[in-house]
Structure formats: C-alpha cells, structure tokens
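Everything below concerns the one structure shown next.
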Amino acid sequence: MGLIKAGIGALGGVLADQWKEFFYCDSLENDVLMVKGQKRVGGRSSNTKGSDNIISNGSGIAVADGQCMIIVEQGKVVEVCAEPGEFTYDSSTEPSIFSGKLGDSIKETFKLVGKRFTYGGDTGKDQRVYYFNTKEILDNKFGTANPLMFEVVNKRIGMSRTVQVRCNGVYSYKITDPLLFYTKIAGNVSDEFTRDEIDSQLKTEFISALQPAFAALTELELRPAQIPAHTTELKNAMNAALKVEWTDRRGISVESIAINPITLTPEDMQKINQMEDAATMGSNPFMMAGRMTDAQANAMEAAASNEAGAMTGFMGMGMAMNANGGFNAAQMYNAGVQQQQQMASQQQTAPTPSADGWKCSCGTNNSGKFCTQCGSAKPAEGWTCSCGNVNKGNFCSNCGSKRPADAPLYRCDKCGWQPEDPKNPPKFCPECGDIFDNNDIK
C-alpha cells in the first residue's frame, strides 16, 4: 500500500470521480498539535456506509501547508506525508514517504517505527489518518522562580565572577519529527491532542535547560544584560541542552526565544564594576594617576572640613598615604612615561629587512638564502617559466616564452614584498613603507 500523487495517478481527471473516500484536515489552531482525520464522503461516492476506521483502496487524502499526515494501521505507522498536495491511497503499491520540509530525519524514523504490510484495506482492520501541526507553536511563557547562576567572564582582564540572575520571556517550539511525537507522546487518540496536555512538562524542562545554556554562553564573554541581543546563540544552546529530552525522544525543537531585559542585583553589579575598574587602571599608570589625584583632592577637602581641626584631618590623610606605600600621583605619572618610553624604544630597535633582504612566509626577516626561523628557502625573484627558468623580464631568457598574465609584475626592491594583484600595486609597500616606482618592476 502507498500514496501516489493524484495528478500522476489519474488519467484525465477520471480518478477524482472514482475516489471512495476523501480525508482532509482544516487549518489547525495554535493549541492543537495532532488531530484524527475525518472521512468526507462525496455525493458521487458509492461507499457511503463504509467503516470509520477503514481506508478504501483509491481514497483521496489531502495535506495542507504546515501539516504532516500519517496513516496508522493496526497501531503501526505505515505511511507518512509532509508534502502539501493531493494524494491517492493505493493498496497495490509499496509504502511511500513524502518528507517535504521535514528533511531526512523523518525518513530515518520511518525506517525504525514503520511496518510494511502486504495485504490491502480489507475489513477487520483498524486504519486511521492523523494530521500534525508542523507550524511554529507560539506564545509559551516562562519565568525562573529561583535565581540561576551565571558566570561573567572577561578574559582580557582575567576576570571571572559568578552572579545570580532571574529571567522571563516567551519561546516557541515546533514538531520536527511527527513520527516520534506520535509514537512517544500522542498515540492513538480518538479526536485530538492539544498543547495543554504537554506544555507544563515542556516548560519545566525548558527552564531546567536554561542553566547549561547560560553556561555555554559564557564563552562569548557576555554580560547578562547582553543576552536578549543574542537570542540566536541562546536558541542553539537550548536545542543542544534539550537534544535528548525534546529532539531525540519527542521530535520537538526550540524555534525562537524572546527574553525580557536581565538585571543583576546591585551588589553583584557594583562588584563587577569595581573589578573591571581595578584591572583597567592597574594596566594603565596614567589612569591610576588620575584616579589617585582625584582621591587626594577629595581627601584634602574632607581634611579641611574635619570637625577636629584641619591639622588632625591632614595627619590622618598622611597616615593613609604612608600605609599605602607612600605612592602618589606624580610617581604613577612618571611610571606611565617610562612605560611609553620603553615601548617606543622597543619599536625603534625592532629589526627591519635590509635592502637585499626578504621576508619569509612565517613572518621572519632574513638576509641569507634560508629562513633563520623555519629553514624555508628564499623564494626565487621574478617569475618562473614553464621550462623552469626564472626570469625578470617580459620574456623567458631560455625559451622565449611570454610572461604569464598572472606572473608578479611588481616586487618591493627594499623588502621583497609582492602584491596579490600583480598589475595594481599599492602606492606604498605595507611591509616597509617604501614607495612603489619603476625600481620595483621585475
């Protein structure tokens, strides 16, 4: 038994008048996940007294957009169709499958749960048609009753701190493998299967998966407030966390997530800001000098207004500076100047390629025939002819062949750099800054 396209199996439209039954499903609402197909008997049908759970040979079955249809015989799935169109049930053909947009996964599942029968639609059998809602199931609200742990990471400054967050929003899911959904969840329902029968379980599992999904986002070095702007990454992390429970067991996947702004407790936010400020100023003496100048100015104002007398206030200020090692803003400023001078000195003493030197592919500047870092041989200057001869002119000095169109026409005469486009070099060499002129034509 199998399904064939009505347009292919009918000759001149005659088959349409010979269908004994017609199965069709109206548009499924957002709350309905699966429904049993209803038999519609036309006025020209001769099978007006047929059994409800028997599909006669030659019956018509229609599948609309956003739907997947299966035929169940004796409790086993024998036909699957997720491709919109009109089909004819033919008991003389082999079982078929039209996967539509659901992909190869439904085909693999059909191999596992499907069963092939060699006899047709005789009486005494139970044959049913079910339709699944394969559209996006929207407006599933969620919220975390208890705070989740989120690790705020900033590898640039070596910061890592665990904070507590709460979040809420909405998500949508989709039935991506109707066969798994039928065999594991819905079964042989007599009428329809609605979302309220499973939403509570899905919502609990969704919230549980937020913790491992947040852990996966840690590698992106996101702050909690940035998560709503990275819903695509969060959706992928949630599908990875729910792969076993949703995708592999039930044939469901997360389609989209929308999260309201996530805020931290004032204590956590203050601590993170302090750690980042300390790390930033610790690596920049000028910023630290400015911060120290500001702190000293505030301390002097406070000392001058000290109720026990200005002298007492300044004494306390001096004791605080001594306890801090006696550092002041001028010392920090001088440290910053020294740091800049050291960096400038390192740049000036950096090795530069000589006029007859060359730069290896590993980045090392060399003057000999072999790279001192990786041992690679110095590349031949000019262009190599098909005969193997290396030339610098427009014709080969060995065989007279013309220079190929893709041969390098320019080569820096200072460092040996060659542009990617041999006919359109830049005005200046990006390696040594030398201007390109006629001396660079090879």
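The values are calculated or read from the model by the stated rules, or taken from the named source; none is laboratory data. From a predicted model like this one, the values you see are computed outputs, not experimental measurements. FYI the Cβ positions are ideal-geometry reconstructions off the backbone, even for glycines, and counts take in every protein chain you see. Please note that ligands, DNA and RNA were not included when accessible areas were found on the heavy atoms of the full protein model with its side chains. Shrake-Rupley method; radii C 1.70, N 1.55, O 1.52, S 1.80 Å.
The set of residues in segment 192-211 that are among the small types (G, A, S) and open to solvent by less than 20 Å² (accessible area, probe 1.4 Å) contains only A209. Among residues of segment 259-274 being within 25 Å of the chain's Cα centre (by Cα) and open to solvent by less than 50 Å² (accessible area, probe 1.4 Å), the one that is nearest to D199 (Cα to Cα) is I259. Residues in segment 141-171 that are hydrophobic (A, V, I, L, M, F, W, C) and not in a loop (DSSP other than H, G, I, E, B): F142, L148, M149, F150, V152, V153, M159, V163, V165, V170. Restricting attention to segment 217-257, which residues are closer than 25 Å to N273 by Cβ and among the hydrophobic types (A, V, I, L, M, F, W, C)? Result: L217, L220, L222, A225, I227, A229, L234. If only residues of segment 241-251 that are surrounded by 15 or more Cβ atoms within 10 Å (Cβ to Cβ) and among the aliphatic types (A, V, I, L, M) are counted, the one that is farthest from L217 (Cα to Cα) is L242. Restricting P351, P404, P422 to residues that are in a loop (DSSP other than H, G, I, E, B) and modelled with pLDDT of 65 or more narrows the list to P404. Kindly indicate whether any position in segment 223-233 is among the hydrophobic types (A, V, I, L, M, F, W, C), within 22 Å of D268 (Cβ to Cβ) and open to solvent by 30 Å² or more (accessible area, probe 1.4 Å). Within segment 223-233, one or more residues are among the hydrophobic types (A, V, I, L, M, F, W, C), within 22 Å of D268 (Cβ to Cβ) and open to solvent by 30 Å² or more (accessible area, probe 1.4 Å).
Within the option set G85, G37, being under 35 Å from the mean Cα position of the chain (by Cα), modelled with pLDDT of 80 or more and open to solvent by less than 30 Å² (accessible area, probe 1.4 Å) holds for one residue only, G85.
The residues of segment 172-187 that are in contact with a strand residue (DSSP E or B) (Cβ under 7 Å, 6 or more places away or on another chain) and either polar (S, T, N, Q) or in a helix (DSSP H, G or I) (or both), listed by number, are S172, T176, P178, L179, F181, Y182, A186.
Using the structure shown, decide if A186 is surrounded by 15 or more Cβ atoms within 10 Å (Cβ to Cβ), in contact with a helix residue (DSSP H, G or I) (Cβ under 7 Å, 6 or more places away or on another chain) and not aromatic (F, W, Y). The answer is no for A186.
Given the conditions (1) assigned to a loop (DSSP other than H, G, I, E, B); (2) at pLDDT 70 or above; (3) surrounded by fewer than 20 Cβ atoms within 10 Å (Cβ to Cβ), and given that G42 satisfies all but one, which numbered condition is not satisfied? With respect to (1) assigned to a loop (DSSP other than H, G, I, E, B); (2) at pLDDT 70 or above; (3) surrounded by fewer than 20 Cβ atoms within 10 Å (Cβ to Cβ), G42 is out only on (2).
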